[in-house]
1. Tell me, please, whether a residue that is among the β-branched types (Val, Ile, Thr), closer than 23 Å to Leu128 by Cβ and crowded, with 23+ Cβ neighbours inside 10 Å can be found in the stretch 181-196.
2. In the stretch 99-146, which residue that is acidic (Asp, Glu) and part of a helix (DSSP H, G or I) is nearest to Ala333 (Cα to Cα)?
3. For Ala204, only one of the following conditions fails: (1) assigned to a helix (DSSP H, G or I); (2) outside the structural domain of Ser290 (by TED's automatic domain parsing); (3) farther than 20 Å from Ala328 by Cα; (4) small (Gly, Ala, Ser). What is its number?
4. Determine whether the stretch 201-215 contains at least one residue that is among the basic types (Lys, Arg) and touching a strand residue (DSSP E or B) at 6+ places or on another chain (Cβ under 7 Å).
5. If you check Thr381, Thr393, which single one turns out to be over 30 Å from Glu410 (Cβ atoms) and either assigned by TED's automatic domain parsing to the domain that holds Lys150 or among the hydroxyl-bearing types (Ser, Thr, Tyr) (or both)?
6. Please specify each residue of the stretch 1-16 satisfying the condition of being β-branched (Val, Ile, Thr) and under 23 Å from Leu147 (Cα atoms).
7. Across the stretch 127-174, what is the total count of residues that are without any contact (Cβ under 8 Å) to a residue 12 or more places away in the chain and within 21 Å of His10 (Cα to Cα)?
8. Restricted to the stretch 346-400, and to residues that are surrounded by 15 or more Cβ atoms within 10 Å (Cβ to Cβ) and of a type in the set (Lys, Arg), which residue is farthest from the chain's Cα centre (by Cα)?
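The values are calculated or read from the model by the stated rules, or taken from the named source; none is laboratory data. Just so it is clear, the model here is predicted, and its values are computed rather than measured. Note that we place each Cβ from the backbone using ideal geometry, even for glycine, and neighbour counts take in every protein chain shown.
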Amino acid sequence: MNISVVGLNHKTAPVETRERLSIRADELTDTLCRLRNSPFINEGLILSTCNRVEVYIVSKETERGIDAVRQFLYRQPSDLHPKSQPLGISKEVLDPCLYTYTGGDAIRHLFRVASGLDSMVVGEPQILGQVQDAFEQARVHQSTGMLLNKTFEKALSVAKRVRTETKIAQRAVSISYAAVELAKKIFSELDQKTVLLIGAGEMAELAARHFITHKVSAMMIANRHYDHAVALARQFGSTPILMEDCVLGMTQSDIVLCSTGAPHYVIHYEDVLKVIAARQNRPIFLVDISVPRNIDPKINTLDNVFLYDIDDLQLCVETNLQARKEEALKAEAILSEEVERFTQWVKSLDVIPMIVALKDRAEAIRQMEVEKVVGRMGAITPRERELLDGLTTAVVNKLLHDPLTALKEETYSSNGNLMLEATRKLFRLDKK
């Protein structure tokens, strides 16, 4: 039995190809069933995210199993077309996008994926949940067995160890999250702070998610189109306000994040002078992630006003990305250790049945020859039979000791598979 993975990701395939292979949750039952219909696939699991589609299998005949997965992917219908018209993807288009790993390389790849080391953003946390969901779905549909179950359980365990022993996921690597981290540096805790978001686009929505996660006390949302502010505020249990009420909203806010498409300043120096006076010089944190800028940079000269623009945040993101890459080196060392240990366990699954079979064959031969001798000797006492059994058993054990020791040791070397195959042929274990 061998573990293999065939797949593509954001590094090897454009989004158009990834879209065509993407598998929705409501399609998973039929898709896993089609995968397991192959006689060359003993266990199967599909990991499908926006950035990757990977098929993990266990097969007795590795090459045939891998070819079965490729044929499965060629026939995978496109989500962009009706089910009655499955177009699939041609071999010529798909093959250059696919990568294939087997054995220890497949295990290492899975461990890297689960740990966020193979992600578009190194260390991103979402992939761990996606791997766990894929594993749970495969188990629900009974498409995995002992080997894939153990492998994915170990992958999840390794990913959690990486996050515990490194800081790979602790630094902000998005503009919106960097804004939240800067706010935490200024105020230490955000649970007693009020936030005003000016703008209701994607960046503002991401920032809102991060602020809610950090349990801010209250949040207001203003937008040029009031109905957009209402929709976003409803999503996060916040308060919508009119754009003309922004100055009043700022007086009640500790953190103001501005992300609009306006081609001019929407927060002016004079506005913030009034806000600071109304707040009796309590600090206020302003973040401008708009391009062009929406907050007058002259505001940064005022006392108790902390203003950051998108360049400040981008520098923070780049610094954090470099720090994550340094942490990734520590994570790779952990992975090497875990892969080596787990690969040895997987290899032991082959050697143990071999040892048992060899011992059983030797014992069967011993018993058969003893019975022949006893038949020629005539009546013997129980004590004599005991001595005869003891003698022959000792001879067999001594003869097998060195071969079995070598078999155990060589199993973990690069020649392990050759040694197993040689043993099988030398002792004709296949015939049994």
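1. Within the stretch 181-196 (the criterion being among the β-branched types (Val, Ile, Thr), closer than 23 Å to Leu128 by Cβ and crowded, with 23+ Cβ neighbours inside 10 Å), the answer is no, since none of the residues qualifies.
2. So, considering only residues that are acidic (Asp, Glu) and part of a helix (DSSP H, G or I), the one nearest to Ala333 (Cα to Cα) is Asp105.
3. (2)
4. No: the stretch 201-215 contains no residue that is among the basic types (Lys, Arg) and touching a strand residue (DSSP E or B) at 6+ places or on another chain (Cβ under 7 Å).
5. Answer to the selection: Thr381.
6. Ile3, Val5, Val6
7. Total satisfying the criteria: 2.
8. Among them, the one singled out is Arg366.
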